[in-house]
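Readers should treat all values here as calculations from the given coordinates under stated rules, not as data from a laboratory. These numbers were taken from a predicted model, which means no experiment stands behind them. Cβ placement follows ideal geometry from the backbone for every residue including glycine, while neighbour counts extend to all protein chains displayed.
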Amino acid sequence: MDTDVVIAGAGPTGLMLACELRLAGVDVVVVEKLAELSGESRAGGMHSRTLEVLDQRGLLDRFLAIGELQPVGHFSGLYLEFDESESRHPYPLMILQPAIERLLEERAAELGVRVRRSSEVSGISQDEAGVTVSLTTTEAALATLRARYLVGCDGGHSTVRKLSGIAFPGTPATMTALIGDVELPDLPEEYVWGRRGPHGNFSAIAFEPGWHRVITSEYDRVAADPDEPVTFEQLRESLVRLAGTDYGMRGPRWVSRFNDAARQAARYQEGRVLLAGDAAHIHFPAGGQGLNMGVQDAVNLGWKLASVLRGQAPGSLLDSYHAERHPVAERVLHNTQAQAALGRPGPQTDALRDVFGSLMVFDDVNRYLRGMLTALDIRYPVDCDHPLAGRRAPDADLKTPDGTTRVHELLHAARPVLLDLRGSADVAAAAEGWADRLDFVEARSEDDHWPVPAVGEIPAPAALLVRPDGHVAWASAAGGASSTATLRTALSTWFGPASRG
């Protein structure tokens, strides 16, 4: 084998997955068709759950140093409030995709990930032992790579998905949107980020001094060839049609297009080939959920694939990747289609937006929508009835024999953590067979109650088993009967059979 895993695509999803695998000691090669970072900033922010994921790996400060926290959110342009009690990082971080990719590539290099650019997947051949990946590359010596698994993180037009014969059903585009980073010297100072008009919508968002991201959306105007390159003049003409002026637009860094097509891979795995990020799902980029979902795909898949490769867990563990992440993407496709519909021009939609906006002043409605957009409310199916089970572990403050820490700081090594908050000898004894792959931490919670989005505050648990992705696999209530049998079942389910001796 040339490597354990080949990852196709050096975008945020592929790079995050590579980092996750390397933390677990897996050898990884990332192949990328582009010779260098494109500089195109399609994504412009990270939501709370992604910020938590970065915090779990000790990387968040790198991103906070570059980005800017934005305390205002929206659902199809309608004001959305955030709640500081639900997360240590409640607000979106505005940061452009090239900066995200640069920081993740730097981290990947620190971990020893090999990134091979100017190398595009052109063929796949699977057998029982692995995958042979054919490449179109300028270096003849790299014409093929042999790996135990291949993961396609190569975008919405994924070659890996197509070569693997995985269907990509969904709905076609009904509109065309153009996007570009440009200078707008004549934009009024009082301009609010977006406006709706009789034929579509446009927005101008300031990311850097002197530069704006312009987005125009024209409904019922579908591009004949969605893959045809966009010109600066087309972006300018679209803005003039919608705004009546181009605001002196000049100096484009890049321009591109997107639409509201919504498609999802029928399955996320075909033998030894898996999909993540846009290769598995595409949608209208409402609410900035795409990049975030891809990074979270990577963090869900990484530890599972590593466990299988190390022989600690059976290959069937990978089934849970599709089972958990496919419904998440399905919900994102659903809510982005709703947001696209709410953005359509016309008096009927105007009335709908008025009604919808009036509902968003209610706390329950706001809580539901922000939980969906931020991904803080995700709950995976697990065999445990504790209110934390399946949800992401709150980042509670803890006291340990060595000092103070936080739950998310315990996950820096991307290993499972069994956290005992009541000093139960039974909990420690139950986990002895997994000591080679588990961090056991005895601590005390500094708070009697923990906040759980979509649930509210709950009593701090007596013990909890946290997966490397930060989701709770098992928990025991304080003052309740703690079943070590159910703990052992959870350990076996997620981390393989106990070691002998």
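Couplings for region 358-368, taken from phi via the Karplus curve 6.51 cos²θ - 1.76 cosθ + 1.60 with θ = phi - 60°, read 5, 6, 6, 6, 7, 4, 5, 5, 4, 4, 4 Hz in order; Gly and Pro are left as x.
How much of the DSSP beta bridge set in the chain is antiparallel, as a percent to the nearest 5? Mind showing how you got there, number by number?
Working: 68 of 88 bridges.
Beta bridges within the chain, antiparallel portion: roughly 75 percent.
Between amide H atoms placed 1.01 Å from N, distances below 5 Å from Phe440 occur with Leu418, all of them 5 or more places distant or on a separate chain.
Given the rule -39500 (n - 2.57) for each run of at least 4 DSSP H residues, summed and divided by the residues of the chain, what is its mean residue ellipticity at 222 nm, to the nearest 500 deg cm²/dmol?
Working: 12 runs with 145 residues, N = 501.
It lands at -9000 deg cm²/dmol.
Here the Karplus relation 6.51 cos²θ - 1.76 cosθ + 1.60, evaluated at θ = phi - 60°, turns the backbone of region 372-382 into coupling constants of 6, 6, 7, 6, 6, 9, 4, 10, 7, x, 9 Hz, with x for every Gly and Pro.
Using C-alpha pairs under 8 Å with a sequence gap of at least 6, the mean separation divided by the residue count of region 412-467 gives a relative contact order of 47 percent.
Amide H contacts for His471 (H built 1.01 Å from N in the peptide plane; partners 5 or more residues away or on another chain; cut-off under 5 Å): Ala393.
For region 397-495, build the charge dipole from Cβ charges (+1 Lys, Arg; -1 Asp, Glu) around the Cα centre, then report which of Ala429, Ala485, Leu465 sits farthest towards its positive end. Among Ala429, Ala485, Leu465, the one farthest towards the positive end of the dipole of region 397-495 is Ala485. Each peptide in 459-466, 8-15, 340-347, 85-92 was scored by the mean count of other Cβ atoms within 10 Å over its residues; highest first, the order is 8-15, 459-466, 85-92, 340-347. Sorting Phe495, Phe356 by the number of Cβ atoms found within 10 Å of their own Cβ, with the fewest placed first, yields Phe356, Phe495. May I ask for log10 I(q)/I(0) of region 397-495 at q = 0.11, 0.22, 0.23 Å⁻¹, from a Debye sum over the Cα atoms as equal point scatterers with solvent left out? Debye intensities relative to I(0), on a log10 scale: -0.29, -1.27, -1.39.
What relative contact order, as a whole-number percentage, does the chain give when Cα pairs under 8 Å and 6 or more residues apart are counted? List each step's numbers first, then the result.
Values: 1030 pairs, mean separation 80.1, N = 501.
16 percent.
Report, as a whole number in µm² per second, the diffusion coefficient that Stokes-Einstein gives for region 173-260 at 10 °C and 1.306 mPa s using the Kirkwood radius over alpha carbon pairs. It diffuses with D of about 123 µm²/s by this estimate.
Can you compute the charge dipole magnitude of region 26-127 about its Cα centre, using +1 on each Lys and Arg Cβ and -1 on each Asp and Glu Cβ, nothing else charged? Give it in debye, rounded to the nearest 20.
Details: 11 positive and 18 negative charges, 58 e Å.
Here the size comes out at about 280 debye.
Each peptide in 248-260, 176-188 was scored by the mean count of other Cβ atoms within 10 Å over its residues; highest first, the order is 176-188, 248-260. For the listed peptides 286-292, 64-70, a ranking on the average number of other beta carbons within 10 Å per residue, highest first, reads 286-292, 64-70.
Would you please classify the overall shape of region 314-400 from the alpha carbon gyration tensor, given that a ≥ b ≥ c denote the square roots of the eigenvalues, rounded means a/c under 1.5, and beyond that prolate means a/b larger than b/c while oblate covers the rest?
Working: a/c = 3.60, a/b = 1.71, b/c = 2.10.
Note, shape of region 314-400 comes out oblate.
For region 333-341, the Karplus equation 6.51 cos²θ - 1.76 cosθ + 1.60, evaluated at θ = phi - 60°, returns couplings of 4, 5, 6, 6, 5, 5, 5, 5, 5 Hz by residue, with Gly and Pro reported as x.
Centroid-to-centroid, using Cα positions, region 181-255 and region 437-494 are 48 Å apart. Annotation for region 81-129 versus region 308-362: alpha-carbon center distance of 21 Å. Candidate cross-link partners of Lys33 among the lysines, defined by an alpha-carbon separation under 29 Å and a same-chain spacing of 8 or more, comprise Lys162, Lys304. Amide H contacts of His281: Ala265, each under 5 Å away and 5 or more positions distant or on a separate chain (H built 1.01 Å from N in the peptide plane; Pro and chain starts excluded). Using the Cα centre of the chain as the reference point, and only Cβ charges (+1 on K/R, -1 on D/E), how large is the resulting charge dipole? Debye, rounded to the nearest 20. My answer is approximately 980 debye.
Would you mind calculating the relative contact order of region 173-260 from Cα pairs under 8 angstrom and at least 6 residues apart, reporting the percent as a whole number? Working shown, then result.
On the way: 176 pairs, mean separation 41.5, N = 88.
Rounded, it is 47 percent for region 173-260.
Projecting the Cα atoms of Ile179, Gly244, Phe207 onto the dipole axis of region 173-260, where Lys and Arg carry +1 and Asp and Glu carry -1 at the beta carbon, places Gly244 farthest toward the positive end. Only the Cβ atoms of Lys and Arg (+1) and of Asp and Glu (-1) were treated as charged; on that basis the dipole of region 195-292 about its Cα centre amounts to roughly 280 debye.
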